[in-house]
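Read through the structure below, which is laid out as structure tokens, and then see the notes.
A short reminder: the numbers here are calculations on the coordinates, not readings from a lab. Please read all numbers here as calculations on a predicted model, not as lab measurements. When we count neighbours, we look across all protein chains shown, and the Cβ atoms used for this are built from the backbone with ideal geometry, even at glycine.
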Amino acid sequence: MSIRLLSKNHSSFEDNIKNLITYGLEIIHEDSPKTSREEKAMLLEALLLRSCALWENFVEKEIVLAIKLNSAKFKHNLGLPANTKLTVKLIRAILYSDRYQDYHDIERSRGYLRKILSHEQNPFESVTKERRERISFTFKIRNYLSHYSDYSRKKLLEAYEKHHNLKRFTEPGVFLLKGKGAFFEKLIHNFILVSVSMKKMFRSN
């Protein structure tokens, strides 16, 4: 049951991301004078925000289902008796109900995930450092678009310089339009690449 639900989680997520990419590229390559460059930039920002929301939802489900496959480490970490019967609903309640938790930043969350997921059922271990860093970069854009704070702007500028050697701050929509949407497509498509690499772990077990 959990394997089937995991497969469904991946398929649904990947299909949604593919739709966002298709729509985004249509926006970028549209020649109609009705859509200005500024409007295209705003639409791409909205699509990036949506892709991040989809990723967070995907990760939340993935962790719950991976624990369901093998809950030994999860029970040990929480001090639960080994014979505790854990349903998907109960696991979700334990993980997320009492306080806000998010694990979208794999780089930051790896240590904790190793404590609650068995090595054989920890799909996040299959994600390369480059792809983890690309997710972190995408969420720096998301954080800026969500808050427009000086702090989030500073962090995004640092990320621009680190990953793209950009010394001056660029609004995310303008950045995503660069290279006829090459940056937009690469960042959003990275979510699919991560999902595919994660699936391989379950297929090999």
Among 40/167; 8/140; 89/154, which pairs are too far apart, with a Cα-Cα distance over 31 Å?
-> 89/154
Extended-chain gain in nm, criterion 0.36 nm per residue less alpha-carbon gap, residue 19 and residue 130 = 37.6 nm
For segment 95-127, state which chymotrypsin sites (Phe, Trp or Tyr not before Pro) are in a DSSP loop and have at most 15 other beta carbons lying within 10 Å of their beta carbon.
-> 100
Could you pull out the pairs from 68/186; 61/180; 34/178; 73/186; 68/162 whose alpha carbons sit more than 28 Å apart here?
-> 68/186; 61/180; 73/186; 68/162
Note: probe point = Cα of residue 96 + 7 Å toward Cβ; backbone nitrogen < 18 Å; residues of segment 31-58 passing the test are 50-58
Mind listing the phi-derived Karplus ³J(HN,Hα) values for segment 73-83, rounded to whole Hz, using 6.51, -1.76 and 1.60 with θ = phi - 60°, and x for any glycine or proline?
-> 5, 4, 5, 5, 4, 8, x, 8, x, 4, 8
For the chain, which longest stretch is free of loop sites, where a loop site is one of the trypsin sites (Lys or Arg not before Pro) that DSSP puts outside H, G, I, E and B and that has at most 10 other Cβ atoms within 10 Å?
-> 100-166
Note, residue 50: beta-carbon cut-off 14 Å, +1 each Lys/Arg, -1 each Asp/Glu, net -1
Most fluctuating residue of 13, 137, 183 in a GNM of the chain with Cα springs under 10 Å: which is it?
-> 183
Determine which residues of segment 164-202 fall in the zone a paramagnetic label at residue 158 would reach in this model, i.e. backbone nitrogen under 20 Å from the point 7 Å along Cα→Cβ.
-> 164-172
Starting at the first residue of segment 176-190, write each ³J(HN,Hα) from the Karplus equation 6.51 cos²θ - 1.76 cosθ + 1.60 with θ = phi - 60°, in whole Hz, x for Gly and Pro.
-> 5, 7, 4, x, 6, x, 4, 5, 4, 4, 5, 5, 6, 5, 4
List the equivalent ellipsoid semi-axes of segment 91-205 in whole Å, largest first, each obtained as the square root of 5λ for an eigenvalue λ of the Cα gyration tensor.
-> 29, 19, 12
Label selected from (1) 48, 37, 35; (2) 64, 33, 28; (3) 41, 37, 35, the criterion being Cα extents along the principal axes in Å as computed here = (2)
Putting +1 on Lys and Arg Cβ atoms and -1 on Asp and Glu Cβ atoms, find which of 157, 119, 187 reaches farthest to the positive end of the dipole of segment 2-204.
-> 119
Report, in degrees rounded to the nearest 10, the 0 to 90 angle that the Cα long axis of helix 150-164 makes with the longest principal axis of the chain.
-> 80
In vacuo Debye scattering of segment 33-109, one point per C-alpha: log10 I(q)/I(0) at q = 0.18 Å⁻¹?
-> -0.80
